[in-house]
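Below you'll find the structure, written out as structure tokens, and then a few comments.
The values are calculated or read from the model by the stated rules, or taken from the named source; none is laboratory data. Predicted model, so just to flag it, every value in this text is computed and none were measured. Neighbour counts run over all protein chains shown; Cβ positions are idealised from the backbone, glycine included. These accessible areas exclude ligands, DNA and RNA; they are computed on the full protein's heavy atoms, side chains included. Shrake-Rupley method; radii C 1.70, N 1.55, O 1.52, S 1.80 Å.
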Amino acid sequence: MTQTLAKQVTFDEFIAWYPESSDRHYELHDGVIVEMPKPTGKHSEIAGFINGSLFIEITRLSIPCFIPKECVIKSLNTDSAYEPDVIVLDRQALSNEPRWKKESIITLGSSVKLVVEVVSTNWSDDYALKLEDYESLGIPEYWIVDYLG
């Protein structure tokens, strides 16, 4: 179950509010802060497997990309922000990201090669909300891993 904090906020207010040492993850959905549920064991296992498998291939093929531990993707047309389960970033394109070095924030779809969301309880967010926002940013590849579907 996700918990929302009802006050409308902008993306910048969300980033300023976000607790630095929290063991919780939050997303911003159309100006509303949403506390994301802790992932299930299976969710973590699958996300970790995908992360590791992609890392091996990126390294083996010497692709100029990497998988950050965490980052926030800012939507283009709404006050929304997401923390994907796995994201592959283009090292060279990050030089154009205005907020990457200081805040680990992605604002340009050209910096992203792949986003992976592992579906658990918030499946409608992954299939509708995030799909639309990632597409509007021009992110070329979006995988939805629905192990229960």
State whether the residues of region 77-85 include one that is within 19 Å of GLY138 (Cβ to Cβ), out of contact with any Gly (no Cβ under 6 Å at 6 or more places or on another chain) and surrounded by fewer than 19 Cβ atoms within 10 Å (Cβ to Cβ). yes
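Out of ASN96, ASN77, which single residue is modelled with pLDDT under 90, polar (S, T, N, Q) and more than 23 Å from HIS43 (Cα to Cα)? Explain how you work it out, then say what you get.
Numbers: ASN96 fails: modelled with pLDDT under 90.
Every option except ASN77 fails the conditions.
So in region 4-45, with the set limited to residues that are small (Gly, Ala, Ser) and part of a helix (DSSP H, G or I), which one is farthest from PRO84 (Cα to Cα)? Reasoning before the result, please.
Of the residues in region 4-45, the ones small (Gly, Ala, Ser) are 6, 16, 21-22, 31, 41, 44.
Checking which are part of a helix (DSSP H, G or I) leaves us with 16, 41, 44.
Values: ALA16: 19, GLY41: 17, SER44: 12 Å.
Of everything passing the filter in region 4-45, ALA16 is farthest from PRO84 (Cα to Cα).
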Taking only pairs six or more apart or across chains, which ones have beta-carbon atoms under 6 Å, a first residue in region 124-149 that is in contact (Cβ under 8 Å) with a residue 12 or more places away in the chain and on the phi > 0 side of the Ramachandran plot, and a second residue that is small (Gly, Ala, Ser) and surrounded by 13 or more Cβ atoms within 10 Å (Cβ to Cβ)? GLY138/GLY109
Within region 23-51, take every residue that is over 17 Å from the mean Cα position of the chain (by Cα) and open to solvent by less than 90 Å² (accessible area, probe 1.4 Å) and give me the one that is modelled with the highest pLDDT. GLY41
Give me the pairs, please: first residue somewhere in region 55-76 and over 15 Å from LEU114 (Cβ atoms) and open to solvent by less than 40 Å² (accessible area, probe 1.4 Å), second residue anywhere and hydroxyl-bearing (Ser, Thr, Tyr) and not in a loop (DSSP other than H, G, I, E, B), beta-carbon distance under 8 Å, and either six or more positions apart or on two chains. VAL72/TYR82; SER75/TYR82; SER75/SER136
So how many residues does region 103-129 have that are of a type outside the set (Ser, Thr, Tyr), modelled with pLDDT of 95 or more and either open to solvent by 10 Å² or more (accessible area, probe 1.4 Å) or touching a Ser or Thr at 6+ places or on another chain (Cβ under 9 Å) (or both)? 4
